[in-house]
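The values are calculated or read from the model by the stated rules, or taken from the named source; none is laboratory data. Keep in mind it's a predicted model, so treat the numbers as computed, not measured. Note that we place each Cβ from the backbone using ideal geometry, even for glycine, and neighbour counts take in every protein chain shown. We work out accessible area using only protein heavy atoms, side chains counted, and drop any ligands, DNA or RNA first. Shrake-Rupley method; radii C 1.70, N 1.55, O 1.52, S 1.80 Å.
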Amino acid sequence: MECIFCKIAAGEIPVTPVYHDDEVLAIADINPQAPTHLLVMPVAHHANIAALSDAGDAALTAKLFAIAAKLGRERGANGFRLVMNTGDDGGQTVDHLHVHLLAGRAMGWPPG
Ligand code: AMP
Ligand code: ZN
């Protein structure tokens, strides 16, 4: 499968993971939008949060958010933002579910 995040999760594209276990991987975004910009993703390929919901893996969903929250707390003393762009209108460009973790500056609202 031509999925860049599957290749990263499989070790075919070398990265230095911020967090890695059998089910969840966190890496630095290649084009950071904040002082801290991580991508927290399942190792297994799910296109987006709707697909993971369809798959019915509630434990993986919970684990993904628990790890994102833990990393956010560690890196965002003053708070942080989690974002899941989903589908074309959501601005998703890589069709492998990932949670953006942004921290290290005050975020604006509404997002563009
Ligand atoms: P999205 O547009 O929400 O699907 O987010 C995809 C994110 O993946 C973007 O923020 C990209 O900068 C990031 N990205 C794309 N390729 C890589 C890569 N090889 N390593 C790390 N981040 C990447
Ligand atoms: Zn994938």
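Report relative contact order for the stretch 4-103 in percent, whole number only (criteria: Cα-Cα under 8 Å, sequence separation at least 6).
Relative contact order for the stretch 4-103 comes out at 32 percent.
What whole-number distance in Å separates the alpha-carbon centres of the stretch 61-112 and the stretch 1-45?
Measuring centre to centre over Cα atoms gives 13 Å.
Length gain on complete extension for the stretch Asn31 to Glu2, per 0.36 nm per residue less the alpha carbon to alpha carbon distance?
8.4 nm
Measure off 7 Å from each Cα along the Cα-to-Cβ vector at Asn78 and Ala50, then give the distance between these two points in nanometres to one decimal.
Going from the Asn78 label point to the Ala50 one covers 3.6 nm.
If the only charges are +1 at each Lys and Arg Cβ and -1 at each Asp and Glu Cβ, what is the size of the charge dipole of the stretch 22-110 around the Cα centre, to the nearest 20 debye?
In debye, rounded to 20, the stretch 22-110 gives about 540.
Roll a 1.4 angstrom probe over the protein heavy atoms and tell me the percent of accessible area of the chain that is carbon or sulfur.
54
Using only the C-alpha atoms of the chain, find the volume of their convex hull and express it per residue in Å³.
109
Using only the heavy atoms of the protein chains and a 1.4 Å probe, how would Asp88, Asp21 rank by accessible area, largest first?
Order by accessible area, largest first: Asp88, Asp21.
Over the stretch 4-103, with the other protein chains present, what is the accessible area per residue in square angstrom, probe 1.4 angstrom?
Spelled out: the 1.4 Å probe surface of the stretch 4-103, per residue, equals 54 Å².
Through the Karplus equation 6.51 cos²θ - 1.76 cosθ + 1.60, θ set to phi - 60°, convert the phi angles of the stretch 27-39 into ³J(HN,Hα) values in whole Hz; use x for Gly and Pro.
9, 6, 5, 6, 10, x, 9, 7, x, 10, 9, 10, 10
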